Every structure is written in structure tokens, then in C-alpha cells.
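Q: Okay, handing you the structure first.
The values are calculated or read from the model by the stated rules, or taken from the named source; none is laboratory data. Since this is a predicted model, take the numbers as computed values, not measurements. As a convention, Cβ positions derive from the backbone with ideal geometry for all residues, glycine included, and neighbour counts pool all protein chains shown.
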Amino acid sequence: MLEPSRTDEYMHHINGSALVIQRRTPSRFKTDYEKMLFHAHIGPIFSEALMNNEPCYLEQPQWMRLYESLIQPTTPYLTDRSEIVIRLRMRMLGLSSTLPAVTQALNPSSYDEGQLLTLELKARETHAALLTCLEAYKAHVVRTSMAAVPLSELALRREVFGTALETLCVYKRILASFCEAERALLEREAQALAVRIFELQTQPAPRHSWIYSVHEKGVAAVVQASRAEWERDLSGLGLVEKREVVWERWKRFNSSLHAPGAEGV
């Protein structure tokens, strides 16, 4: 799990583990030990689904309830089982099904206003929830600012903050694809988030920070590289032409998110 290259052996291991957990079903994870085994595999399972541009079964309600059950009562310091951390990661899990769903919904050949509205409302809900998570994170950092926090908390703070910014970048591009009237503002916000993500790369980081920092840097690079395309005003285009441009623009952005070495885009 700490190997930076996605070798065949690594992918076979993760896919096999994902299948074993799925066949076991959520009801079989009862003891704290069993739940921690499940918890340890969430990241790799989700990452593989995201890289393959396919929905992750962990998004299903029964699995989300299992993940939510891992939340522990409030403690002075952040842990992987703090509510702030799990709520944020639950929101990120939704990306694996949202990205292909948006691609399908924007396709002019299968354009469906009802599906688009459903996806837009879901994206707005997730966007708002991410902002709420960031406010909770900020409140926690302020509350503990005078305390000598352990290194484990500092490492988790860095991961949580970067993950939130990265996910927000993607959702701002999703909302910009649905609403042309808000696109310019959303794009300015996405570019500001990309700059902030790159600033994080220059700060001291824990030993294994590349596990998440490489991907967040890749998303930021894709956002910056495609800036001109997303700043283009489409209000003067006809309806058919506009739909085609929005779809092609989104396809290129989405493909870049899944491309190996996207951090170099």
C-alpha cells in the first residue's frame, strides 16, 4: 500500500482484497478488529475505482453506514476515526460514481434534463457539505492552536486539508458544467484552490505524504492547464453547439484526472 508505482502485483492485490471485502458484505464486519481491517482497505479500493473511472461499491448505502459506524466520540486530537475526517472522506467516495455519471449526462446524444438536474442537485449538496467540513476542520485547528498536538495529528491535518481542496476543485468544475451563469465565478474559485494546493507542496510534510500529495498536485495541475478552456464564455453559442462544447471540455478534464502521471500535465 506504500508502493508508489501501480504495478500489476499491486493492482491484483488491491482488486483481490476489494473482492474479498465485497463478498463478505457489510453485516460481517462487527468487531472493532474487523472494522479496522475494512477501514484499512477503503483508500486503495476507492483509488483503483477512481483510476478506472468506474463506480466504487463502497458508495452503496450499506457500506457507507458501515464506514459511518467507525466514528468515535470526540477526542482532543484528530484520528482516522474522527467525525471530521470520516465525513470528508465519505464525500470524496462519491466521486467515483459522479464522474462517469456526469460524462454520460452531458453527452449530447443521450442528453437528459432530468438526469442533469438530479446530478446538479447532488453536486451542490456535496459542494456545500465539503465547505461545512472545511469549517469544522478550521474550528478544530483554532480550538487546538495553543496545544502541543502530536505529529500524527499534524500529518492528518495536512492530508484532510489537501483532500478537501482537491475534491472541491473537481466539484467546482462539475457545477460549472451544469450552470454557465456561475461558471466564471466557479472557475476563479477553482484556480485559487489550485494555487493553494501547490503552496501546500512547499511546506514540510510527513514521510508518506506523497500517497495523497501526488494526486492532489495532479488535480491542481490539470485545473491550471485547462484554465483558458474553462474561462471561455459560451453564452453566445447556440444550444446544440454549447452542449457539444461543454461535453468535450468535460471529457478532456475528466480523462486528465484518470490519466497516469496526470501530475505532469
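Q: So, in segment 51-65, of the ones that are among the hydrophobic types (A, V, I, L, M, F, W, C) and surrounded by fewer than 19 Cβ atoms within 10 Å (Cβ to Cβ), which residue ends up modelled with the highest pLDDT?
A: Per the stated criteria, the residue is MET64.
Q: Residue check: is ALA136 of a type in the set (Gly, Ala, Ser), surrounded by 13 or more Cβ atoms within 10 Å (Cβ to Cβ) and assigned by TED's automatic domain parsing to the domain that holds GLU83?
A: So ALA136 fits the description; yes.
Q: Testing GLU187 on (1) out of contact with any Asp or Glu (no Cβ under 7 Å at 6 or more places or on another chain); (2) in a helix (DSSP H, G or I), one condition comes back false. Which one is that?
A: Only one criterion in (1) out of contact with any Asp or Glu (no Cβ under 7 Å at 6 or more places or on another chain); (2) in a helix (DSSP H, G or I) is unmet by GLU187, namely (1).
Q: Taking only segment 133-175 into account, find how many residues are under 15 Å from the mean Cα position of the chain (by Cα) and hydroxyl-bearing (Ser, Thr, Tyr).
A: 3
Q: Suppose we filter SER177, SER226 for residues that are among the polar types (S, T, N, Q), under 21 Å from LYS122 (Cα atoms) and out of contact with any Pro (no Cβ under 9 Å at 6 or more places or on another chain); which single one remains?
A: On inspection, the qualifying residue turns out to be SER177.
Q: How many residues does segment 170-198 hold that are of a type in the set (Asp, Glu) and either surrounded by 21 or more Cβ atoms within 10 Å (Cβ to Cβ) or in contact (Cβ under 8 Å) with a residue 24 or more places away in the chain (or both)?
A: Residues flagged as of a type in the set (Asp, Glu) and either surrounded by 21 or more Cβ atoms within 10 Å (Cβ to Cβ) or in contact (Cβ under 8 Å) with a residue 24 or more places away in the chain (or both) within segment 170-198 amount to 2.
Q: Name every residue in segment 11-35 that is outside any helix (DSSP H, G or I) and of a type in the set (Phe, Trp, Tyr), in order of residue number.
A: Result: PHE29, single match.
Q: Is there a residue in segment 98-109 that is under 13 Å from the mean Cα position of the chain (by Cα) and assigned to a helix (DSSP H, G or I)? Before the answer, list the steps.
A: Within segment 98-109, the subset under 13 Å from the mean Cα position of the chain (by Cα) is 98-99.
Next cut, assigned to a helix (DSSP H, G or I) only: 98-99.
Yes, segment 98-109 has at least one match.
Q: Please specify each residue of segment 65-92 satisfying the condition of being more than 23 Å from LEU50 (Cα to Cα) and assigned to a helix (DSSP H, G or I).
A: GLU83
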